[in-house]
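First the structure, in the form of structure tokens, and then the observations on it.
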Amino acid sequence: MSVQFKIVTPSENDVRLDRWFKRHFPNVSHGTIEKLLRKKNIRVNKLKASANQRLKAGDEIRIPPFEQETSAPAKTQKKLSQKDIQYIQSLVLYKDNDVIVINKPAGLAVQGGTKTTRHVDGLLDGLMFDYTERPRLVHRLDKETSGVLMIARTLQSATTYTKLFKTKDIQKIYWALVSGSPKPKEGKIEAPLLKKTSPLGEKMFVDFENGDTAISLYQTVDHLANKVAWLQLSPLTGRTHQLRVHCADILKTPIVGDTKYGKRNPLSEQIPKQMYLHAHSISWTGSDGKSKSVSAPLPNYFKTAFNEFGFDEKQPIEKLFKTRRKK
């Protein structure tokens, strides 16, 4: 094995370096990874790296040769039960030759982490259907965000759709309930974000000097005085917690139930204690040249809140950002 260089994909954004390494090289022990990091043989963007370093999409990782005797036996993928297979397949909203779109429920993580053993990534074998390849994630949703999640069915389609997300050729529309009502009622937010340590752990902050570009579009669909508003949101970049930070710090209307960047449901005791951010729809042009669009129905807790505040999810909505969406 010679020195290799790999580029971090958008779906791997914010993954720890050691976890990224184990996904790509499962037969290499953690001790070996730590040893190579200490000797500066593993580098990120040609710089010294650490095991807990969070990666960003586009980072270049230097992978040195490995001595066979330092490798640990590869772990086998846990076989899914029939119940698990039925569960993940029950979430499917759309399927073609290239992609599968599921309706991810709030509370189900997309990828594993500390104390997170059940997640979409671990259930992907249940979405192979008649294919021999295991599906691959091409983007992520926060654990407490519900709605549409696209999954590539092959390595080739994963490469294609990862590029489409990066070039903004895939449009994602989110629905959110926020505390207060934004002024103006619609617009474009350009506020770069940077991860920092806070008393609540790692969080994203607006940082105009050192942050990474983050652009979001928003539109008020309906509102109840200045108490609560129903927003449509479209992220033009894919930063961690982007919509949540932009709503809280720029619009000054935090997403209802977002305890990391706002407060837990201060508006009404009648609505469930959840974060009210839902990935409503995703639109793209398929490999057949046809326009595709998939929407996810609102979860029941969202419907309860809509009823409480008098919002009608079936009301006609003006086409979102028809003049503002620019590449």
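The values are calculated or read from the model by the stated rules, or taken from the named source; none is laboratory data. On a predicted model such as this, the values are computed, not experimentally measured, just so you know. FYI the Cβ positions are ideal-geometry reconstructions off the backbone, even for glycines, and counts take in every protein chain you see. To get the accessible areas, we keep the full protein, side chains included, count just its heavy atoms, and leave off ligands, DNA and RNA. Shrake-Rupley method; radii C 1.70, N 1.55, O 1.52, S 1.80 Å.
Couple of notes before you dig in:
- Close amide H pairs (under 5 Å, H built 1.01 Å from N) link Val138 with Ala152, residues at least 5 positions away or on another chain.
- For Val221, residues with placed amide H under 5 Å, excluding near neighbours: Trp230, Leu231, Gln232
- The chymotrypsin sites (Phe, Trp or Tyr not before Pro) of the stretch 166-245 meeting both criteria, a DSSP state outside H, G, I, E and B (loop) and at most 13 other C-beta atoms within 10 angstrom of the site's C-beta, are Phe208.
- Exposed-loop-free span, longest in the chain, where GluC sites (Glu not before Pro) count as exposed if DSSP calls them loop and at most 10 other C-beta atoms lie within 10 Å: 68-208
- Mean residue ellipticity (222 nm) of the chain, computed from DSSP H runs ≥ 4 via -39,500 (n - 2.57), nearest 500: -4500 deg cm²/dmol
- Were the residues from Ser283 through Gln86 laid out at 0.36 nm apart, the gain over their Cα-Cα distance would be 68.3 nm.
- Using θ = phi - 60° in the Karplus curve 6.51 cos²θ - 1.76 cosθ + 1.60, the 3J(HN,Hα) couplings for the stretch 223-232 round to 8, 10, 6, 9, 7, 8, 9, 9, 10, 9 Hz; x is entered for Gly and Pro.
- Taking Cα Rg over 2.2 N^0.38 Å as calculated from this structure, the corresponding entry among (1) 1.05; (2) 1.17; (3) 0.92 is (1).
- Residues Ser198 and His24, FRET efficiency given R0 of 35 Å [Cβ-Cβ distance, rounded to 0.05]: 0.70
- Amide H contacts of Val256 (H built 1.01 Å from N, under 5 Å, at least 5 apart or other chain): Leu177, Val178, Ser179, Tyr276
- Here the Karplus relation 6.51 cos²θ - 1.76 cosθ + 1.60, evaluated at θ = phi - 60°, turns the backbone of the stretch 138-150 into coupling constants of 10, 7, 9, 10, 4, 4, 8, 8, 9, x, 5, 9, 8 Hz, with x for every Gly and Pro.
- The lysines within cross-link reach of Lys290, meaning a Cα-to-Cα straight distance under 23 Å and a gap of 8 or more places when in the same chain, are Lys95, Lys163, Lys166, Lys168, Lys172, Lys319, Lys322, Lys326, Lys327.
- Computed on the stretch 198-327, the Cα convex hull volume stands at 154 Å³ per residue.
- The stretch 111-162 - percent of accessible surface contributed by carbon and sulfur, probe 1.4 Å: 49 percent
- Along principal axes, Cα extents of the stretch 1-61, largest first, whole Å: 27, 23, 22
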